[in-house]
Amino acid sequence: MPYEVIKIDCGDEVICDLCNDSYTESEETGGCAIGTWAICPKCTEKLEEEPDQRAGENETFRDFVYRLRRG
């Protein structure tokens, strides 16, 4: 039986997967990703492990998450 591919539109909302703070309207730069988790700049500072990806220099967390969503 073939698998059905389901696409879900996340919309424009950007929320940190650790602290749940909203960054949809924020211009704060930084942040990272570990697996499928998007981690805001504040939570990134507290990490003890090396993330899989980091936001680019001067890239807002919001734009970083949008870039991850585009895959």
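The numbers here are math on the coordinates, done by the rules we state, and not lab data. Being a predicted model, the structure only gives us computed values, none of them experimental. Counting neighbours? That spans all protein chains shown, and the Cβs are built from the backbone with ideal geometry, glycine included.
Spin-label model, residue 34/residue 5: points 7 Å from Cα along the beta carbon direction are separated by 3.0 nm.
Backbone amide hydrogens, once placed in the peptide plane, bring residue 53 within less than 5 Å of 33, excluding anything fewer than 5 places away on its chain. Summary value for the chain: 30 percent relative contact order, contacts being C-alpha pairs under 8 angstrom separated by 6+ residues. Across the options 23, 6, 41, the greatest Cα extent toward the positive end of the charge dipole of the chain (unit charges at beta carbon of Lys, Arg, Asp, Glu) belongs to 6.
Remark on residue 28: its backbone amide H falls under 5 Å from those of 61, a criterion applied only to residues 5 or more positions apart or on other chains, H modelled at 1.01 Å from N.
Summed over qualifying helices (DSSP H, 4 residues or more, each -39500 (n - 2.57)) and divided by its residue number, the chain shows a 222 nm mean residue ellipticity of -5500 deg cm²/dmol.
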